[in-house]
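Each remark here refers to the structure printed beneath this line.
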Amino acid sequence: TALVEFRGVTKRFGDGADGTPALEDVTLSIHRGEILGIVGESGAGKSTLLELVNGLQHPTHGTVTVDGTDVATLDRAGLRALRRDIGVVFQGVHLLSNSTVRDNVRLPLRLDRRDGGQARSRKQQRDAVDEILSFVGLSHRADHFPAQLSGGERQRVGLARALVSRPALLLCDEPTSSLDASTTGDVLRVLSDAREKLGATVAVITHDLDVVKAICDRAALLEKGRLREVFPVASTGTRS
Ligand code: ADP
Ligand code: ADP
């Protein structure tokens, strides 16, 4: 069944009627429990597609529903609740450079508490952070600062931060760009484990077809804002 549905979605930036829209008439589902790859050239609308899911952008036409709820109908509290259930790793990860890995990963739990979400005790927060750091294989880096980490490790900290609240949906923008083959493998293993072990649904933007082949069940190809095709992938797995 569909966790996310785009129905006839057009997104136009600005008010120029001449400009081609960032997305045009896109109808697409993200199925519960799948890893969906989103592929296409730069400017094809991939980031915009994901930004519509957590309400960072709103469609000009059409609807985006998450778990049956039209994102456009949510008020501030509704959006906050939605975002609590969606982990996001933007391109470039954006860790706080003056905070340790542990504190970076704990941040969403602290914000949650402040914003009236689940109020975990300090111990519960610490346990959740320890668990997810172990999950991404970075327990030994907990007290390090982002600058002391490799690119692949930083990406995995971003994933830990996105997953620490155990979201139903994980959205990632180019998680492996600028990583070499072995660190790419580490990151992909976390993504496929997020699905296998945490039960997350995953949507991942990538320009790398090897990434698609390694972990995706299906891939959606965008071309100049239009959905060109959605194709099934015969996954090769991350352990090859
Ligand atoms: P990529 O193409 O690799 O996904 P971009 O640099 O196109 O990355 O986009 C990164 C972010 O900047 C996205 O959040 C996108 O919405 C925003 N963005 C892209 N193009 C523009 C633009 N022309 N004006 C303002 N924001 C933009
Ligand atoms: P991709 O992620 O595939 O590179 P984007 O979704 O970032 O593509 O961008 C699609 C198109 O929308 C591009 O032409 C980009 O410049 C434009 N765009 C994206 N975000 C914004 C924004 N916030 N403001 C204006 N234009 C934007």
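The values are calculated or read from the model by the stated rules, or taken from the named source; none is laboratory data. What you see is a predicted model, and the numbers here were worked out from it, not measured in a lab. All Cβ positions, even for glycine, are placed from backbone atoms using ideal geometry, and neighbour counts span all protein chains on display.
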For this session: Output yes when any residue across segment 96-113 is surrounded by 13 or more Cβ atoms within 10 Å (Cβ to Cβ), more than 17 Å from S165 (Cα to Cα) and touching a Ser or Thr at 6+ places or on another chain (Cβ under 8 Å), and no when none is.
Result: no
Exercise. Would you call L198 farther than 24 Å from N104 by Cβ and out of contact with any Asp or Glu (no Cβ under 7 Å at 6 or more places or on another chain)?
Worked result: no
Exercise. Can you tell me which residues in segment 72-111 are within 19 Å of C172 (Cβ to Cβ) and without any contact (Cβ under 8 Å) to a residue 40 or more places away in the chain?
Worked result: L82, R83, G92
For this session: Select from segment 172-202 the residues that are surrounded by fewer than 20 Cβ atoms within 10 Å (Cβ to Cβ) and hydroxyl-bearing (S, T, Y) and write down the one among them that is nearest to G37 (Cα to Cα).
Result: S192
Seminar exercise, completed: Exactly one of A162, A219, A147, A203 is within 30 Å of T65 (Cβ to Cβ), assigned to a helix (DSSP H, G or I) and not aromatic (F, W, Y), and that one is A162
Problem set entry | Yes/no for R83 being within 20 Å of V164 (Cβ to Cβ), more than 16 Å from ligand 2 (Cβ to nearest atom), assigned to a helix (DSSP H, G or I) and out of contact with any Lys or Arg (no Cβ under 7 Å at 6 or more places or on another chain) | yes
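For the structure I just gave you, tell me whether T63 is modelled with pLDDT of 95 or more and part of a strand (DSSP E or B).
Details: modelled with pLDDT of 95 or more: yes; part of a strand (DSSP E or B): yes.
Spelling it out, T63 is indeed modelled with pLDDT of 95 or more and part of a strand (DSSP E or B).
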Seminar exercise, completed: Those residues of segment 89-138 that are among the aromatic types (F, W, Y) and either farther than 25 Å from V202 by Cβ or in a loop (DSSP other than H, G, I, E, B) (or both) come to a total of 1
Exercise. With respect to G43, is the statement that it is out of contact with any Ser or Thr (no Cβ under 7 Å at 6 or more places or on another chain), over 12 Å from A203 (Cβ atoms), part of a loop (DSSP other than H, G, I, E, B) and within 13 Å of ligand 1 (Cβ to nearest atom) true?
Worked result: yes
Exercise. Of the numbered conditions (1) farther than 18 Å from A220 by Cα; (2) hydrophobic (A, V, I, L, M, F, W, C); (3) touching a Ser or Thr at 6+ places or on another chain (Cβ under 6 Å), V71 satisfies every one except a single condition; which is it?
Worked result: (3)
Exercise. Quick check, is K11 under 17 Å from V89 (Cα atoms), buried (at least 22 other Cβ atoms within 10 Å of the Cβ), within 13 Å of ligand 2 (Cβ to nearest atom) and of a type outside the set (A, V, I, L, M, F, W, C)?
Worked result: no
